[in-house]
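Asker: My questions all concern the structure below.
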Amino acid sequence: MKMGRLKSKIILKRALLICCCIAIGWFVKGRLTPPMMMGAGGALGDPYVLVETVAMEDVTPFQNVIGHVEAINYVALRPQVSGYLEEKTFEEGSHVKEGDILFVIEKQRYQATADLRAAELDSARASLTRIEKDYNRQVSLNKQKYASEARLDEAYAGLLQAQAAVKQAEANYELAKIDLEHAVIKAPFTGRIGKAKITEGNYVGPSTGILAYVVQMNPIRINFALTDKQITDIIQSGSENKHVNARIKLPNGNIIRMTSFKEFMENSIDTNTATVAVYAEFENADEILVPGSYVNMDISSGLPQKALSVNQSAIGQDEHGNYVLTVNKEGIVEQHRVELGDVFGSRQVVKAGLKPGDQVIIQGLQKVADVKKVRAENIKPEEE
């Protein structure tokens, strides 16, 4: 009997607790619910709606494509001369400027070879000067009949040999200077350098392989494919400005807007995909676009187009056509017949019937069927 009474008390306490929680919930709900949400039958009497301000915005038609980010310049640094790698003068992963010294391969040895070839050239030129004088002397003596033709021919042959020796010495000196230049490997352009594949102290040569890669980061090139119809539409768009306007969606979801400064396309259609490859170059000063990555992008060509637009949820239709409802400064609802244009995303172009600054109802249309005055809250239209 005692156990039964105890259970009854527990059940009664739980029931009272549940009732209290329900009562508190209804009280909190009543306190937190805004009066304006009570509708036409609420305390204030005016329904609550959401509106947005109509304004001119970019309604340029875009085509969605997948773009492949490429470096305009991409080079693999390779040794052109043989020797021990004496210096690596850069920090891996850093930016390098055109002309910066990156690697040094036994520069002193190649400098000494160049000096030797320069000395040989000086010697050959000195010999040529002496032989030229001897030849001129033999020519003068031959004219005076003091030297034979054989002696003159011998002097002439010596002159030709001396001239050839000078040319050979000049060529050897030029080759030595080229080797000396190749002993110091410089950045061919401004960009970012990667990991050094070979470290200091190793013996390298033309057959060794790649020392490092240098990639140009700015500007950058994006490669994408368009159908022949899309290419024709762009060419015949009638705009003198054929630059590519792009909305690029990054891997983290952020969207950036860019306009190309140079573009070109392949000279034939890929028969496997029935598309034409297009290459557009963009400024990439912040290096947010990385070579080798793929990006989702909306592109258009020509000048941006501006027009009024509204959210599609704001558009109503009856037997007379399309309309939207607006709210004036006094909260009075007004109906506007509109002429609609193209759809882009969740929005639609309005060709006629509205003006910039109008407050269009986008949520709560069902609440204003039988009323003329509302309470409105303005929200900003979402960016596509």
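The values are calculated or read from the model by the stated rules, or taken from the named source; none is laboratory data. Because the structure is predicted, anything quoted here is derived from the model rather than measured. FYI the Cβ positions are ideal-geometry reconstructions off the backbone, even for glycines, and counts take in every protein chain you see.
Conditions tested, residue by residue: (1) out of contact with any Phe, Trp or Tyr (no Cβ under 9 Å at 6 or more places or on another chain); (2) surrounded by 13 or more Cβ atoms within 10 Å (Cβ to Cβ); (3) at pLDDT 60 or above.
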| position | (1), (2), (3) |
| --- | --- |
| 25 | yes, no, yes |
| 53 | yes, yes, yes |
| 56 | yes, no, yes |
| 74 | no, yes, yes |
| 78 | yes, yes, yes |
| 83 | no, yes, yes |
| 92 | yes, no, yes |
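Asker: Could you list, in sequence order, all residues of segment 142-153 that are surrounded by 12 or more Cβ atoms within 10 Å (Cβ to Cβ) and either within 30 Å of residue 176 (Cα to Cα) or out of contact with any helix residue (DSSP H, G or I) (no Cβ under 8 Å at 6 or more places or on another chain) (or both)?
Answerer: Correct list: 153 only.
Asker: In addition: So how many residues does segment 165-192 have that are in contact (Cβ under 8 Å) with a residue 60 or more places away in the chain and not aromatic (Phe, Trp, Tyr)?
Answerer: Qualifying residue count, segment 165-192: 14.
Asker: If you take just the strands (runs of 3 or more DSSP E) that sit entirely in segment 193-301, which of them hold at least 3 residues that are touching a residue at least 12 places away in the same chain (Cβ under 8 Å) and among the polar types (S, T, N, Q)?
Answerer: 294-301
Asker: Collect the residues in segment 99-125 that are loosely packed, with under 13 Cβ neighbours inside 10 Å and farther than 30 Å from residue 163 by Cβ, keeping them in residue-number order.
Answerer: 99, 108 - these are the residues of segment 99-125 that are loosely packed, with under 13 Cβ neighbours inside 10 Å and farther than 30 Å from residue 163 by Cβ.
Asker: Further question on the same structure: Do we have any residue at all in segment 305-325 that's touching a helix residue (DSSP H, G or I) at 6+ places or on another chain (Cβ under 7 Å) and of a type in the set (Val, Ile, Thr)?
Answerer: yes
Asker: Are any residues in segment 120-139 of a type in the set (A, V, I, L, M) and without any contact (Cβ under 8 Å) to a residue 40 or more places away in the chain, and if so, which ones? Steps first, please.
Answerer: Residues of segment 120-139 that are of a type in the set (A, V, I, L, M), as a first pass: 121, 124, 126, 128, 131, 139.
Those that are of a type in the set (A, V, I, L, M) and without any contact (Cβ under 8 Å) to a residue 40 or more places away in the chain: 126, 128, 131, 139.
Asker: Next question, about the same structure. Search segment 252-275 for residues being closer than 18 Å to residue 293 by Cα and of a type in the set (A, V, I, L, M), and hand back the single one that is farthest from the chain's Cα centre (by Cα).
Answerer: 255
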